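> I'd like to ask you about the structure that follows.
The values are calculated or read from the model by the stated rules, or taken from the named source; none is laboratory data. Computed from a prediction, not measured in an experiment: that's the story for all the values here. FYI the Cβ positions are ideal-geometry reconstructions off the backbone, even for glycines, and counts take in every protein chain you see. Keep in mind that these areas ignore ligands, DNA and RNA; they rest on the heavy atoms of the full protein, side chains included. Shrake-Rupley method; radii C 1.70, N 1.55, O 1.52, S 1.80 Å.
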Amino acid sequence: MTATLRDVAQRTGLSRSLVSLALRGDDGVSQPRRALAVRAAGELRLPVGALARRRAEGGPLVLGVLATEVANPFHEAVLHSVSATAATLGFALRIVDGRRDGARLASCLEALHASRTSADGVLGVAVLSSRLASSALAAVATDLPVAVLGSSGDDLAGLGLDTVRSDEEAGVRDLMLHLAAMGHRRTCFVAESDHRSSTRRAAAHAASAGWLCPGDQLRVDTVRALAADPSRIARHLGDGVTAFVAANDATAALLGTAARSVGLRLPGLAAVTGFDGTDLAARLDLTSVVQPHRRMGARVIELLVERLRGRRGDRHEVLPTLLDPRGSTGTPAPVVRVVPAAQPTVADSVRMRSVSAACSLPAPPAR
């Protein structure tokens, strides 16, 4: 017969509600009582969560954080929120930098996973990257809570982990509408890489451009190719491109550097936009789609702690973006309003009605 919370309560003399809190690892339970409840649950072979066991042992509460690149402006902004949220909830962090290296990211994930068996190992892993294989993430999620922040959210459904991403499609759509309102039709998407964040935004750019203008107006390039051969930028300009839509703010900055190396001024000869809404965008006066990095960073930690405290169902959250127009896309042309010199007279109104009637379509013939 399987033991229950009631059995633990009877053995320890604690209330059932206090036993429940202790075995979930929640706050508000003294160390001696927590240790008593965990020990009794072990004797009765009742499963005890890693958080409750670590707290009963007096060990450190550590969460692992694996980022594609810590120095990336977006990840830097997210990590501020990640650190603040973890501290508020009573957790320390072990932050690992993938340095934009796929092999390093994979090995670091394995190392965090393996650490779970040590006294100071991580209790869960927050992944700030869309560059890891879903199979690798699913393998870690069998033993530890895993929350992934990034564009790969939709690809990870049903794998026993949680995801947080922004509504990138809506963000790119708002950006393209802004460019269309400024008179831009032929745009070039500048990809950072072939990873999920770039491909998802490239697809959203293609979809938006498709219903804003003919398909032959769409151009795509990579920042690596443009940096290696900046004359490609001049060719795009000569081809009628009036706006470059960069995959993120850092890519927009690299595009500007490549253009200056051959004497071209971007933004200036064409509009330039970014994505992420980082401090870099503010310094460059760059129009950008703002991802809610504070909320995203907070949620990825909160989701891990919810799992540690007993939640079982997967969560896949999509947070709204916000367009922040700046100088890199120029100033909209002023709207000209024609104001009549005087209010129309009664005679004018009669003439207007007569002209309107004369211009109306004839009624269909009677059947």
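> Of the conditions (1) under 30 Å from Thr163 (Cβ atoms); (2) over 16 Å from the mean Cα position of the chain (by Cα), Met296 clears all except one; give me its number.
So Met296 meets the others, but not (2).
> Can you tell me which residues in the stretch 290-313 are open to solvent by less than 60 Å² (accessible area, probe 1.4 Å) and not in a helix (DSSP H, G or I)?
Val290, Gln291, Pro292, Gly310, Arg311, Gly313
Here is a yes/no grid of residues against (1) at pLDDT 65 or above; (2) of a type in the set (A, V, I, L, M, F, W, C); (3) in contact with a Lys or Arg (Cβ under 8 Å, 6 or more places away or on another chain):
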| site | (1), (2), (3) |
| --- | --- |
| Ala35 | yes, yes, no |
| Val38 | no, yes, yes |
| Arg45 | yes, no, no |
| Gly49 | yes, no, yes |
| Ala56 | yes, yes, yes |
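> Now a separate question. Could you list, in sequence order, the residues of the stretch 79-99 that are among the aliphatic types (A, V, I, L, M) and in a strand (DSSP E or B)?
Within the stretch 79-99, Ala92, Leu93, Ile95, Val96 qualify.
> Let me ask you something else. Does the stretch 83-93 contain at least one residue that is closer than 30 Å to Ala202 by Cα and in contact with a Leu (Cβ under 7 Å, 6 or more places away or on another chain)?
Among the residues of the stretch 83-93, not one is closer than 30 Å to Ala202 by Cα and in contact with a Leu (Cβ under 7 Å, 6 or more places away or on another chain), which makes the answer no.
> Which pairs have Cβ atoms under 9 Å, sit 6 or more apart or on different chains, and link a residue in the stretch 308-328 that is within 26 Å of Gly90 (Cβ to Cβ) and without any contact (Cβ under 8 Å) to a residue 24 or more places away in the chain to one that is open to solvent by less than 50 Å² (accessible area, probe 1.4 Å) and assigned to a helix (DSSP H, G or I)?
As it stands, the answer is Arg311/Leu303, since those pairs meet every condition given.
> I'm told Leu218 meets every condition in (1) out of contact with any Leu (no Cβ under 8 Å at 6 or more places or on another chain); (2) aliphatic (A, V, I, L, M); (3) under 20 Å from Ala259 (Cβ atoms) except one. Can you identify the failing condition by its number?
It is condition (3) that Leu218 fails.
> Strands (runs of 3 or more DSSP E) wholly in the stretch 121-178 with at least 1 residues that are crowded, with 24+ Cβ neighbours inside 10 Å and touching an Asp or Glu at 6+ places or on another chain (Cβ under 8 Å) - which ones?
146-149, 162-166
Residue-wise test of (1) of a type in the set (A, V, I, L, M); (2) out of contact with any strand residue (DSSP E or B) (no Cβ under 6 Å at 6 or more places or on another chain).
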{"residue": "Val262", "(1), (2)": "yes, yes"}
{"residue": "Thr273", "(1), (2)": "no, no"}
{"residue": "Thr278", "(1), (2)": "no, yes"}
{"residue": "Ala281", "(1), (2)": "yes, no"}
{"residue": "Leu286", "(1), (2)": "yes, no"}
{"residue": "Val300", "(1), (2)": "yes, no"}
{"residue": "Leu303", "(1), (2)": "yes, no"}
{"residue": "His316", "(1), (2)": "no, no"}
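> Hey, another quick one. Give me a count of the residues in the stretch 111-128 that are of a type in the set (Val, Ile, Thr) and within 14 Å of Arg53 (Cα to Cα).
2
> Has the stretch 282-289 got at least one residue that is open to solvent by 30 Å² or more (accessible area, probe 1.4 Å), at pLDDT 95 or above, of a type in the set (Gly, Ala, Ser) and farther than 30 Å from Leu123 by Cα?
Within the stretch 282-289, one or more residues are open to solvent by 30 Å² or more (accessible area, probe 1.4 Å), at pLDDT 95 or above, of a type in the set (Gly, Ala, Ser) and farther than 30 Å from Leu123 by Cα.
> On to the next question. Just give me the residues in the stretch 100-120 being of a type in the set (Ser, Thr, Tyr) and assigned to a helix (DSSP H, G or I), in sequence order.
Ser107, Ser115, Thr117
> Of the residues that make up the stretch 200-213, is at least one of a type in the set (S, T, N, Q) and more than 17 Å from Gly171 (Cα to Cα)?
No - not one qualifying residue is present in the stretch 200-213.
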